[in-house]
1. When the range 349-387 is examined, which residues are found to be within 16 Å of the ligand (Cβ to nearest atom) and in a loop (DSSP other than H, G, I, E, B)?
2. State which residue is surrounded by the fewest Cβ atoms within 10 Å (Cβ to Cβ) when the search covers only the range 274-322 and only residues that are aliphatic (A, V, I, L, M) and under 30 Å from L36 (Cα atoms).
3. Residue check: is P129 modelled with pLDDT of 95 or more, crowded, with 24+ Cβ neighbours inside 10 Å and within 15 Å of Y526 (Cα to Cα)?
4. Restricting attention to the range 265-272, does a residue exist that is over 30 Å from S145 (Cβ atoms), among the basic types (K, R), in a loop (DSSP other than H, G, I, E, B) and touching a residue at least 60 places away in the same chain (Cβ under 8 Å)?
5. In the range 241-254, which residues are within 15 Å of the ligand (Cβ to nearest atom) and either in a helix (DSSP H, G or I) or among the acidic types (D, E) (or both)?
6. Do we have any residue at all in the range 39-58 that's within 15 Å of the ligand (Cβ to nearest atom), free of Cβ contacts under 8 Å to residues at least 40 places away in the same chain and under 29 Å from the mean Cα position of the chain (by Cα)?
7. Look at the range 567-609 and say how many of its residues are assigned to a loop (DSSP other than H, G, I, E, B), under 19 Å from the mean Cα position of the chain (by Cα) and not β-branched (V, I, T).
8. Determine whether the range 10-23 contains at least one residue that is touching a residue at least 60 places away in the same chain (Cβ under 8 Å), of a type outside the set (F, W, Y) and under 27 Å from F71 (Cβ atoms).
Amino acid sequence: MNIAEIRKVISNMTLEEKAGLCSGADFWHTKAVERLGVPATMVSDGPHGLRKQDEKADHLGINDSIRAVCFPAASATAASFDPEMLERMGEALGESCQHEGVSVLLGPAVNIKRSPLCGRNFEYFSEDPYLTGVLAAALIRGVQSKNVGTSIKHFALNSQEHRRMSSSADCDERAIREIYFPAFEMAVREAQPWTVMCSYNRINGVYASENRWLLTDVLRKEWGFEGYVMSDWGAVADRVEGIRAGLDLEMPSSGGINDRKIVAAVKAGKLDEKLVDQCCERILKIVYRFAENAKPETPWDQEAQHLMAADMAAECMVLLKNEGSILPLNRADEIAFIGEFAEKPRFQGGGSSHINCFKTTGALEAAAGLKVTYARGYDVKADLASPEMIAEAVAAAKKAKVAVVFAGLPDSYESEGYDRTHMRIPDCQNRLIEAVAEANPRTVVVLHNGSPVEMPWIGRVAGVLEAYLGGQAVGLATVKVLFGDVNPSGHLPESFPIRLEDNPSYLFYGGEPRGSEYREGIFVGYRYYDKKKMDVLFPFGHGLSYTTFEYTGIRVSRETMKDTDTVDVTVTVKNTGKRAGKTVVQLYVGDVEGYVNAIRPVRELKAFRKVALESGETREVTFTLDKRAFATWRGEIHDWWVESGDFSLEAGDSSACLPLKAVVRVESTVELPRKYDMNSIFMDVMHDPKAAAIVSPFMQQSAAAFGNDEEKKTSEAASEAITAEMSLAMMRYMPLRSALSFSQGQISEEDMLDMIRRMNE
Ligand code: BGC
């Protein structure tokens, strides 16, 4: 149906029907208008599998949904640094939606992992906006290539669960633009999701669901979003305000209450009916896009997707530590698997993303046929490791060549709806790891968690494999990686601080009843740790391999560029080890001489590529950077702006290991508006070449009067009391008006005002 036909349908709808279309029919469906042939469509969670509920609907993952396939959660897929993989996963999800008649999959979830404590971190990708944006756009492309929509969520600043439905995320615009928006922005600009889901929280006091700046000015007018915005489930406070703001669909049903409010507001002349029409138009465009492209005959081969999920999980695993090349394990050796997660892995988080898996494969099952023994080690539910359990684990470890302890966060530790209260794994697991490592120093820990954990035993174990929440086939993947069938190639999409207290949001996270202040601003994750030169347990981007890579060269296509140009950066990398493997080439940009933009992170990820290399193979990887890679958000021009100057380009395979360095000079083509007055200080004036030329003669006069004129120095004592450098240094911060008093009449007020007028011309 084209837009004219959709408008025709809307023109035939009563006000009541139109208002009705602006909220769900039930938990998962849009409303049909039978008399006009408008079909209902279904939406379902997401994001890493299909949670289609037929009956007993709920949005918290409490009741069962159909049997489906649980792919690795976003915390894991982010570690793949592989957009092509995310696209493939999207295609598989899209096919399952087509098979099940689901028009929109509710995901991806792209909120920034601001603190390790956020209960839903497992569902989110990263602390880095660029990585998040690239991966989210890829997933969206994949799903939508099957003519199924996505709903990128939760727009925006939903980085905590604590008081999630009422709290205000109070954040400065620069951090919003540079950290919390870019993933949504990239996804919209590059992949055009069919829908966007607004978040529960307020942003600087205004609910996302009634935030016109968010939903209309930024999302639609700036970024060009064309689909419909739906509310998170129950996120609507004032529905009429929401219509004005650009919230098209309230989910789930409002039980008719808000439909009546919309009708009443239109009838009372308080709400323009055109706005209601517009919401209907946006909703119907998507309803028909799916209805006209529905392919219920699409096969859904769950067994094939299970294997696909296993391959993906293997692609995501991050080898954090591998002392003495303890991994890969040797098939001929006796290996002890210890810990209940070896048998029943934790592979997904709780809440609305919870998939009812048609099957799961744990590591123990996947290791059938290998010389693997098993000790349960701890009881997850009871949260205990009895002395007997520990003794059994120690005995198994002693007998084995290598002990592999499966540890991590139990379901109850991280879930939608509430935050973690600390960054530790259960004490019983920590005690078990310590005991096993003491019995056999050849101990490897496999971790299942959606977000960083403390590792008090890190110095006593030989290896650590971060498996994140790897989906229902995680056991297959774990065994493949442990025994070297797959060479690990995941890299951390977040920093692992040593302790929770090191995290930049620590003092303010969660906030007070009214809201949570994002006081660390742009300094989230490695942007903070790098700036503070702080030690972390494992840095952003880190990930080992069973082979080695050498970064051997970096070239830039130009040394100087305008901000309207692009620059190509070419990095050469070689596999110097004996096995084939994959590395993630990461390119970071830093402003090395900011004046106006002095407060910037040391480096920010601006490009990356995962490359597979045979042993001995060398490859060149080229990235193209444009203005955005160098820019910051400037509120005064309401735009991205680059400050002229040198920028560092650093490449390597982790934010902490960047052996290749180059510099590019970028010249800005946009001047920031400047306005001078009597209170402008000399330093700022002198930084502006035009103003500096005007003010220089005055400055000299004024310096002379201030005692900085060498000829006037009468005694050694005077020049020691205040040297030329000192007086110049002091002058830098003086307002222009002070030149009037210090010049003792040599500069008149009229001259000064005239000078300021010329500077402002
Ligand atoms: C969650 C969303 C989810 C929705 C529907 C909400 O509680 O925040 O992410 O898509 O429920 O289940």
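The values are calculated or read from the model by the stated rules, or taken from the named source; none is laboratory data. Nothing here was measured: the structure is a model prediction, and the numbers come from that model. With ideal geometry, Cβ positions are generated from the backbone for all residues, glycine too; neighbour counts draw on all protein chains shown.
1. G349, G351, S352, S353, H354, I355
2. The extreme case among them is A291.
3. Yes; evaluated as a whole, the condition is true for this residue.
4. No, the range 265-272 contains no residue that is over 30 Å from S145 (Cβ atoms), among the basic types (K, R), in a loop (DSSP other than H, G, I, E, B) and touching a residue at least 60 places away in the same chain (Cβ under 8 Å).
5. Within the range 241-254, just E250 meets the criteria.
6. yes
7. The total comes to 3.
8. no
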